[in-house]
1. Top to bottom by accessible area (1.4 Å), largest first, where do 226, 299 land?
2. Tell me, what ³J(HN,Hα) does each residue in the stretch 138-149 have, in order and in whole Hz, if you take phi through Karplus 6.51 cos²θ - 1.76 cosθ + 1.60 with θ = phi - 60° and put x for Gly and Pro?
3. Report the accessible area of residue 352, computed with a 1.4 Å probe over the heavy atoms of all protein chains in place, in Å² rounded to the nearest 10.
4. Could you please tell me the mean projected area of the C-alpha convex hull for the stretch 188-281, averaged over all directions and given in square nanometres to one decimal?
5. Tally Lys and Arg at +1 and Asp and Glu at -1 over the other residues with C-beta under 11 Å from the C-beta of residue 313: what net charge comes out?
6. Please identify, among 185, 419, 165, the residue showing maximal mean-square fluctuation in a Gaussian network model of the chain using a 10 angstrom Cα cutoff.
7. Which of rounded, prolate or oblate describes the stretch 314-431 when judged by the alpha-carbon gyration tensor and an a/c cut-off of 1.5?
8. Determine the dipole magnitude for the chain: charges of +1 sit on the beta-carbon of Lys and Arg, -1 on that of Asp and Glu, nothing else is charged, the reference point is the Cα centre, and the result goes in debye to the nearest 20.
Amino acid sequence: MQTLFNHKSIYLLFFLFLTGAVAQNTPETAVSQDSTSVKEFKGNVIGSDTEEPLVFATLTVEGTNISTITNAEGDFSLKVPVALAEGYINVSFLGYQSKQISLNRFTRNGNTIALTPAAIALEEVSVSSPKNALNLVQSMLSKRGDNYISQPVKMTAFYRETIKKRRRDASLSEAVVQIYKQPNKSSRNDIVTLYKSRKNTDYDRLDTVSVKLQGGPFTPLFLDLMKYPENIFTDDMIEAYIFTLEQPTQVNGNTVYVVNFRQHENIVNPLYYGKLYIDTDTHALVSAVFNLNVENRDMASDLLVRKKPPRTSVYPTNAAYRVDYRIKNGKWYYGYSNVQLAVVVDKKGKLFNSKYYLSSEMAITDWEPFDSDVRIPGKERLRPTVIISDEASGFSDPDFWGPFNVIEPEKSIESAIEKIQRQLEKDDNSK
């Protein structure tokens, strides 16, 4: 007998929004640019064993909260205040030994950082290894208030959202946002404000269907499972999963348990499957990589598709998620998350269907303590249903981001930006 759970909040994370109209649900772009003098360092991170790029490796300026990550090609760009430009950076990646590097060693070009695979003392780990994976996950959830930053902090983050039709770019959004992050124990939700953004969409490429990710920066933010555990592991849902232990690994120099999870076969609802990386000493969640079960097209569509045009079938073929945490002074904090969706749009009467690939990611690039008594005006707050509006002018300015750290664009994104710039120049010349 199959079990059907009536559970709503778990799927309110990742609204996919399809409609024939273009939504204009955005706040006003905010404030002036910081003029801090910075020095930029570029390079790439690889594994010394494979010489392949390490995707989403973390680079942090020692003694600060300034950080960035590598892109899908292992490349990075890190802007450091001039006063810190002779300091050190720490480079870390799951399963590899962390490395400290002097910024004085960086050359103008060709900075390749090779990380060495971590050697795990399995004998020592096995002594303290938990016998029950479910109990370990429950311990992880019960300690989410103790293992993570316990005071409110204001985070600066870079957000990027892309939509591709098959392999061709159709929409690109980028933004710097401020996140007023509340402690995990607090019942207050996080507040997000928009600092500055740019977006360009080729609506002709999207045919008559406008494909949008509803939620903007909230989409990856709600992947912070330690702040919002109800989106995946509620008390009444956790037993719907099977948890098993795999071989431990390392991250940030710490040994972590690897817990594999999947839904029970008798559960009808599409749930999640993937891996949790849990610190062996504190039981803090260090990273989570997981997918939504999309085998049942209709049920998966009901969960992810907010709205669709009539006579149109829309269903996901892939829904992948990731969240990473970083550590400072023994406390973990939200650092990076992404959502990768693949969707098929099948319009009745049309010979061929359309395939769309939607990506949403956000990286914390700096943070500082924040007085929770300071009130953020409602008009400045982004709503969880926000859709970033079109604003292409920023693509014509090569210094648009100023001193802010951003995720280095991949080659396909670089090509899209160059194409937008050429189109803007063409439009200006025709006036």
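The values are calculated or read from the model by the stated rules, or taken from the named source; none is laboratory data. Just so it is clear, the structure is predicted and the values come from calculations on it, not from any experiment. Note: ideal-geometry Cβ built from the backbone for every residue, glycine included; neighbour counts use all protein chains shown. The protein model used for the area step is the full one, side chains on, heavy atoms only, and it has no ligands, DNA or RNA in it. Shrake-Rupley method; radii C 1.70, N 1.55, O 1.52, S 1.80 Å.
1. 299, 226
2. 3J(HN,Hα) across the stretch 138-149, in whole Hz: 5, 5, 4, 5, 5, 9, 5, x, 9, 8, 10, 3.
3. Here the residue's solvent-accessible area equals roughly 150 Å².
4. Mean shadow area of the hull around the Cα atoms is 10.9 nm².
5. Local charge sum for residue 313: +4.
6. Looking only at 185, 419, 165, the largest GNM fluctuation is found for 419.
7. It is oblate, given that a/c is not under 1.5 and a/b is not larger than b/c.
8. 1200 debye
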